[in-house]
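The values are calculated or read from the model by the stated rules, or taken from the named source; none is laboratory data. Computed from a predicted structure; not experimentally measured. Backbone-built Cβ (ideal geometry, glycine too); neighbour counts: all protein chains shown.
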């Protein structure tokens with residue numbers, strides 16, 4: 001039997017394309033690992049350059065710098081074995097690779113074999129498939145190296161490794177993006193793999209936000225029976241250290257948590273992490289939010305404050321004559337509760353000037369949809385002007401339910417740099433607001449905001465329900481049609497009302513042009529608009545249902 005091998009899974013937050021910064025970060029974790037007596041230090045998939053690098057992979061000089069970076073990492077970290085992911089050019093082909101480094105040199109390279117090409121993944125656009133297993137021996141412990149998707153098909157992996165030297169542990173370098181429920185799906189895969197291969201599994205994931213994606217970490221060791229023996233925290237950089245003696249003997253050492261977080265907590269932390277990293281990694285310090293006194297902007301402000309600090313969030317309320325005194329008051333109360341900067345810029349004088357000018361055009365009046373949508377366009381202009389003047393990033397506040405059906409004004413409330421709630425259904429918005437008040441132990445988001453019937457306040461006595469189905473039904477239709485790819489007829493056959501299904505499905509389909517022009521947002525559901533769901537803008541196909549009777 002081998003002696004115990006101390007293995008550290010380093011779940012780090014790389015900066016896309018900043019190879020020098022990433023290597024420096026990895027060297028810092030290396031120093032920590034050496035101090036902890038670690039024998040093998042593992043970093044995630046493409047940790048050297050960030051994941052996913054997309055068309056950077058088509059730049060040969062980018063790949064050359066990846067090679068130099070991995071060689072520099074090996075030189076700077078010679079005392080223990082290190083395994084790290086990097087983008088590799090080999091024999092004029094590109095690979096998603098893992099370097100095994102020891103004694104200051106790259107000793108072996110494993111190249112990812114199974115390449116995902118679904119959902120948010122486009123790996124066959126960039127990478128060639130590897131074909132050679134890599135199994136290393138560390139103090140008598142056999143370790144097979146894999147990268148992300150390689151472990152998703154346990155039957156294939158067992159066949160792939162059948163002629164390799166014996167192994168007690170499969171190490172998996174991963175860049176697995178978060179969505180709600182993903183960690184349990186991931187654990188089921190690791191459990192199945194461990195049992196199928198009759199070995200332990202060490203899974204090392206990235207953390208942090210990258211454009212629409214956010215990585216949750218939650219790296220783990222499972223034994224050959226599929227039981228979790230060590231679990232890393234969610235959304236935090238950390239070394240997850242365990243002593244591995246055999247396929248069934250794993251003892252956690254440090255960097256571990258007792259259990260996985262609850263789902264609502266995961267979602268909130270994903271939104272905070274994705275917001276923080278998008279703003280910071282794109283070079284911004286402060287953000288500005290149109291704070292209307294409604295529930296969406298209240299949630300957005302709370303997330304931004306947790307992500308960036310209250311001193312870096314500016315709220316602007318921009319009332320017209322249609323905004324009620326209580327919503328204006330709630331916007332100010334919300335800002336005070338969060339301790340953020342707040343300003344009131346009434347837009348009624350601007351609307352009057354626009355109206356006087358547009359009255360010269362045939363067909364114009366101030367009681368139609370054009371005038372309603374003028375209001376968010378004025379607000380968007382104010383926010384973008386403040387962005388230009390002060391260097392703020394504008395945060396838009398539309399949720400997934402509104403984004404799905406186009407219940408947002410192009411160049412108005414869609415104007416901005418980032419849309420943190422873009423993949424958050426309206427029903428989840430309410431749950432998140434209640435969750436924030438619960439974990440903070442006080443009324444951060446006023447009860448009046450949570451309980452007020454939702455309204456855009458673009459005309460007198462307007463309610464969202466004048467235009468849309470109730471949000472419970474709307475979100476059920478969106479989940480079934482968008483996330484589960486069910487047809488309109490399947491929705492009706494499941495008991496949903498035919499008129500509402502056909503109306504909502506048509507709205508979803510014809511508003512692709514709006515979504516394509518909207519800012520990116522954080523993916524938190526199994527299928528998000530944008531990277532996950534890509535449909536033509538010019539599209540005359542319609543899914544329609546008939547009544548069951």
Looking at (1) under 19 Å from residue 335 (Cβ atoms); (2) modelled with pLDDT of 95 or more, which is the only condition residue 294 fails?
-> (2)
When the stretch 30-47 is checked residue by residue, the ones that are surrounded by 24 or more Cβ atoms within 10 Å (Cβ to Cβ) and farther than 9 Å from residue 10 by Cβ are 38, 40, 45, 46
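Within the group 458, 474, which residue is surrounded by 15 or more Cβ atoms within 10 Å (Cβ to Cβ), touching a helix residue (DSSP H, G or I) at 6+ places or on another chain (Cβ under 6 Å) and at pLDDT 95 or above? First the steps, then the outcome.
Values: 458 fails: at pLDDT 95 or above.
Going through 458, 474 in turn, just one is surrounded by 15 or more Cβ atoms within 10 Å (Cβ to Cβ), touching a helix residue (DSSP H, G or I) at 6+ places or on another chain (Cβ under 6 Å) and at pLDDT 95 or above: 474.
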Elements of type strands (runs of 3 or more DSSP E) in the stretch 214-263, at least 1 residues being more than 20 Å from the chain's Cα centre (by Cα), without any contact (Cβ under 8 Å) to a residue 40 or more places away in the chain and closer than 21 Å to residue 39 by Cα | 220-222, 228-231, 250-254
Would it be correct to say that residue 373 is in contact (Cβ under 8 Å) with a residue 12 or more places away in the chain and over 24 Å from residue 518 (Cβ atoms)?
-> no
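Got a number for residues in the stretch 519-535 being touching a helix residue (DSSP H, G or I) at 6+ places or on another chain (Cβ under 7 Å) and in a loop (DSSP other than H, G, I, E, B)?
6
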Any idea how many residues of the stretch 92-105 are crowded, with 19+ Cβ neighbours inside 10 Å and over 32 Å from the mean Cα position of the chain (by Cα)?
-> 1
Residue 380 being assigned by TED's automatic domain parsing to the domain that holds residue 288 and within 25 Å of residue 398 (Cα to Cα) | yes
When restricted to 63, 19, the only residue assigned by TED's automatic domain parsing to the domain that holds residue 215, under 19 Å from residue 211 (Cα atoms) and either crowded, with 22+ Cβ neighbours inside 10 Å or in contact (Cβ under 8 Å) with a residue 12 or more places away in the chain (or both) is 19
In this structure, does residue 396 turn out to be buried (at least 17 other Cβ atoms within 10 Å of the Cβ), under 28 Å from the mean Cα position of the chain (by Cα) and touching a residue at least 60 places away in the same chain (Cβ under 8 Å)?
-> yes
Residue list for the stretch 4-16, filter: at pLDDT 95 or above and either under 24 Å from residue 143 (Cβ atoms) or not assigned by TED's automatic domain parsing to the domain that holds residue 139 (or both) = 5, 6, 7, 8, 9, 10, 11, 12, 14
From the options 87, 98, residue that is in contact (Cβ under 8 Å) with a residue 40 or more places away in the chain and within 30 Å of residue 533 (Cβ to Cβ) = 87
Of (1) touching a helix residue (DSSP H, G or I) at 6+ places or on another chain (Cβ under 8 Å); (2) assigned by TED's automatic domain parsing to the domain that holds residue 382; (3) more than 23 Å from residue 375 (Cβ to Cβ); (4) free of Cβ contacts under 8 Å to residues at least 40 places away in the same chain, residue 431 fails just (4)
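For residues that are more than 15 Å from residue 224 (Cα to Cα) and under 33 Å from the mean Cα position of the chain (by Cα), scanning just the stretch 162-174, find the one that is surrounded by the fewest Cβ atoms within 10 Å (Cβ to Cβ). I'd like the intermediate steps shown before the answer.
Initially, the stretch 162-174 is screened for residues more than 15 Å from residue 224 (Cα to Cα), giving 162-165, 173-174.
The next check asks that each one be under 33 Å from the mean Cα position of the chain (by Cα); those that pass are 173-174.
Working: 173: 30, 174: 26.
So the residue we want is 174.
Taking the condition of being part of a helix (DSSP H, G or I) and in contact (Cβ under 8 Å) with a residue 24 or more places away in the chain, how many residues in the stretch 312-328 meet it?
Looking only at that region, the number is 4.
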Of the residues in the stretch 86-111, how many are touching a helix residue (DSSP H, G or I) at 6+ places or on another chain (Cβ under 6 Å) and under 14 Å from residue 131 (Cα atoms)?
-> 1
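When you go through 83, 136 one by one, which is the residue that is under 31 Å from the mean Cα position of the chain (by Cα) and at pLDDT 95 or above?
Working: 136 fails: under 31 Å from the mean Cα position of the chain (by Cα).
Exactly one of 83, 136 is under 31 Å from the mean Cα position of the chain (by Cα) and at pLDDT 95 or above, namely 83.
Residues checked against (1) surrounded by fewer than 20 Cβ atoms within 10 Å (Cβ to Cβ); (2) more than 30 Å from residue 398 (Cα to Cα):
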{"residue": "187", "(1), (2)": "yes, yes"}
{"residue": "193", "(1), (2)": "no, yes"}
{"residue": "202", "(1), (2)": "no, yes"}
{"residue": "217", "(1), (2)": "no, no"}
{"residue": "231", "(1), (2)": "no, yes"}
{"residue": "290", "(1), (2)": "no, no"}
